[in-house]
Amino acid sequence: MSGQILIVDDEAAIRRLVRGAVERGGLTADEAANAAEALTYARRPGCELVLLDLGLPDRDGIELIPHLKALDRTVIVLTARDAIAEKVAALDLGADDYVVKPFDTDELLARVRVALRRHNSSPAGHDRLRAGAVEIDLNEHKVWRDGELVKLTRKEFALLAELTRHAGKLLTHAHLLRTIWGDGHVEDVAYLRVAIRALRLKLEVDAASPSYLMNEPGIGYRLIV
């Protein structure tokens, strides 16, 4: 059986650094130095999450993302590529998170734990979810803040529900616009900004300094729980 975490990077020093952090966090790990090894390890029972570098010697790592997601593996991209277009492309292909090198190992481990919790949660566990003072019931289409029912428009609830279903995961503008407004509105980021602002005004203690509905400039939003 393979380790819970698969570290894919062509630099041995990076693999050792990440493996040390992962194992100090009580998780098991395997290492792969190229794309071919990564796919071999990812197919083994027990592998849950892949930390994926994009600059691999035999294949661009971004091409592996659909294959890893087809295996039901959580994918966190760990790369030196910091262009917004690269981040959006990886996330739209299914990556669960994107971390740019150099990175803080404690922050990386925290993101790994969040991703594993999300991966291991049953779908039923997301029917009713709490984020601080906010409670969301996806089945009843109801939202409460501090125990009081909050009135949302249909689009506002649909947006919040999509973020809730993927709580902790960064969802791109294009994904949210396509899901909530349809294929014809994937460029209409203003729609999304207006809806997010409305949700923050209704749900956050301070809409100008949000705690739940977080923005990644130029990329998308995530719900922190």
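Numbers for the structure displayed
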item: So L152, is it surrounded by 17 or more Cβ atoms within 10 Å (Cβ to Cβ), part of a loop (DSSP other than H, G, I, E, B) and without any contact (Cβ under 8 Å) to a residue 60 or more places away in the chain; result: yes
item: Of the criteria (1) outside any loop (DSSP other than H, G, I, E, B); (2) free of Cβ contacts under 8 Å to residues at least 40 places away in the same chain; (3) in contact with a helix residue (DSSP H, G or I) (Cβ under 8 Å, 6 or more places away or on another chain), which one A21 fails; result: (2)
item: Residue count for region 53-71, restricted to those that are within 16 Å of D82 (Cα to Cα) and of a type in the set (D, E, K, R); result: 2
item: Check on D10, over 17 Å from N120 (Cβ atoms), surrounded by fewer than 21 Cβ atoms within 10 Å (Cβ to Cβ) and out of contact with any Lys or Arg (no Cβ under 6 Å at 6 or more places or on another chain); result: yes
item: Number of the condition not met by N139 [criteria: (1) modelled with pLDDT of 90 or more; (2) of a type outside the set (D, E); (3) assigned to a loop (DSSP other than H, G, I, E, B); (4) surrounded by fewer than 15 Cβ atoms within 10 Å (Cβ to Cβ)]; result: (1)
item: Filter result for the condition that a residue is closer than 23 Å to T105 by Cα, of a type in the set (A, V, I, L, M, F, W, C) and more than 21 Å from the chain's Cα centre (by Cα), over A12, A90; result: A12
item: When residues of region 32-55 are limited to those that are over 22 Å from the mean Cα position of the chain (by Cα) and in a loop (DSSP other than H, G, I, E, B), the one surrounded by the fewest Cβ atoms within 10 Å (Cβ to Cβ); result: P45
item: Pick from region 175-216, criterion of a type in the set (G, A, S), within 16 Å of A131 (Cβ to Cβ) and surrounded by 15 or more Cβ atoms within 10 Å (Cβ to Cβ), ranking: farthest from the chain's Cα centre (by Cα); result: A207
item: Some residue of region 87-106 being part of a loop (DSSP other than H, G, I, E, B), in contact (Cβ under 8 Å) with a residue 12 or more places away in the chain, crowded, with 16+ Cβ neighbours inside 10 Å and in contact with an Asp or Glu (Cβ under 7 Å, 6 or more places away or on another chain); result: no
item: Residue in region 109-124 that is in the same structural domain as L213 (by TED's automatic domain parsing), in a helix (DSSP H, G or I), touching a residue at least 40 places away in the same chain (Cβ under 8 Å) and aliphatic (A, V, I, L, M) present; result: no
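The values are calculated or read from the model by the stated rules, or taken from the named source; none is laboratory data. The model shown is predicted, which means the values in this text are computed figures rather than measured ones. As a convention, Cβ positions derive from the backbone with ideal geometry for all residues, glycine included, and neighbour counts pool all protein chains shown.
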